[in-house]
Amino acid sequence: MVVYIAAPANAYTGGPTALFQVCNALRKRDINAIMAFYGEYHDNPMHPNYLKYQCPWVRMNSINDNYMHAVIVPETAIDRVIQFTKVTKIIYWLAVDNFILSMLPPKILNFIAYIIREYIFDPYILYTIITGYEKTYYNSYLSRYVNALIKREKAIIPRADLHLVQSKYARDFLKRHGIKDNTILQVHEPIEEEFLSKAKNINHEKKVNAIAWNTRKAYPIAFKLVHILRRHGFSVYDLANVGKQNMINLLSKTKLFLDIGIHPGRDRPIREAIALDNIAIVNNHGGYYYFEDCMIPSEFKWDCYFDCKTDIKGYASIIDNYLENYDYYIKKFQNFKQYILEEPSIFLGDMEYLARTLIRWGVN
């Protein structure tokens, strides 16, 4: 009796990390959980950052369709279990938006039409191409596209025996599409131990007036804001592909974290930033919309769902004020930081419930 947990080969991002955390937690509860890798790889599909979880693995295509097996798949890999008719199917909803995009991918011609309609006179477009940040415009388009499909209820939710969600955003999405609440289990997966350990001894005296910018899913407004900030002498660090240790080092010395863009789930970067005592500025989108998913005061959630056509210099002035009065504003984030530090215990409770459910189904 085996629980297979599907994950992409050689990937290190928030989604696979959550999958490994689940595998490790189930194994500690005497559930025979095994990672099942899909995608192209040669010898070893496991990213080195996941060796610490001590999870055995197999190839996804080696799983037999068997009543004694359960398969947990992320929402973007549902196609990997469609052929199974006997296994217990569990979908882990790590990112609502990514599911929509995987099922109904956008067309490039529609994106071009969007750019012409919304940004044809935007002077920053050429500059983003020169500097390598042109994807910010695509991110803005994707948000509008996904939001429209969700409102029109175009998504078709596959059949599953259980749905795991890591956000209220995902739970509400499923319930709007007819999934019964008693088949949904929320999983509060924590940030990694390295961040939690560092969070307990952050030295504010070593903090500098610098900003950490999450560029991966950023909107054009974020790029424009960063451009203005840099012109005015602010230090802004780009967090794209910096690696875990560099991420810890940067967030340990910066005072403010900027993340205005797509938030397809209850993202990790903001929790990592707040754990390391950063003031956080985000937009009220997706996985950051509900207070349960992003527990920061509303004044730090800017009303910017797709894009913000507003006074960028005014926003820069607000950020300047936050940095100059860091000791005052950082206190407003301490309740959320405390929750983040307690989240590993909450996660263990979630895993206890999941393990009991699997045992009841005969998977042990």
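The values are calculated or read from the model by the stated rules, or taken from the named source; none is laboratory data. Fair warning: this is a prediction, and the values are worked out from it, not measured in the lab. Quick reminder, even Gly has a Cβ in these numbers, built from the backbone with ideal geometry, and neighbours come from all protein chains shown. Calculation scope for accessible area: heavy atoms of the full protein, side chains included, ligands and nucleic acids excluded. Shrake-Rupley method; radii C 1.70, N 1.55, O 1.52, S 1.80 Å.
The table for this structure:
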read-out	value
Tyr290, sole failed condition from (1) in a helix (DSSP H, G or I); (2) in contact with a Phe, Trp or Tyr (Cβ under 8 Å, 6 or more places away or on another chain); (3) of a type in the set (Phe, Trp, Tyr)	(1)
Matching strands (runs of 3 or more DSSP E) fully within segment 1-76 where at least 3 residues are in contact (Cβ under 8 Å) with a residue 40 or more places away in the chain and closer than 18 Å to Ala95 by Cα	2-8, 69-74
Number of positions in segment 339-364 that are within 30 Å of Lys207 (Cα to Cα) and exposed (fewer than 12 other Cβ atoms within 10 Å of the Cβ)	1
Filter result for Ile296 (touching a residue at least 24 places away in the same chain (Cβ under 8 Å), open to solvent by less than 10 Å² (accessible area, probe 1.4 Å) and over 21 Å from Glu189 (Cα atoms))	no
Some residue of segment 237-246 being open to solvent by 20 Å² or more (accessible area, probe 1.4 Å), assigned to a strand (DSSP E or B) and of a type outside the set (S, T, N, Q)	yes
Where a residue in segment 221-237 is at pLDDT 90 or above and its partner, wherever it lies, is open to solvent by 40 Å² or more (accessible area, probe 1.4 Å) and assigned to a loop (DSSP other than H, G, I, E, B), with Cβ under 6 Å and at least six apart	Phe223/Tyr133
Filter result (open to solvent by 40 Å² or more (accessible area, probe 1.4 Å) and either of a type in the set (Ser, Thr, Tyr) or assigned to a helix (DSSP H, G or I) (or both)) within segment 225-236	His227, Arg230, Arg231, Ser235
Condition broken by Asn98, with the remaining ones in (1) part of a helix (DSSP H, G or I); (2) within 22 Å of Tyr353 (Cα to Cα); (3) open to solvent by 20 Å² or more (accessible area, probe 1.4 Å) satisfied	(2)
Residue in segment 157-170 that is over 17 Å from the mean Cα position of the chain (by Cα) and farther than 25 Å from Cys23 by Cα present	no
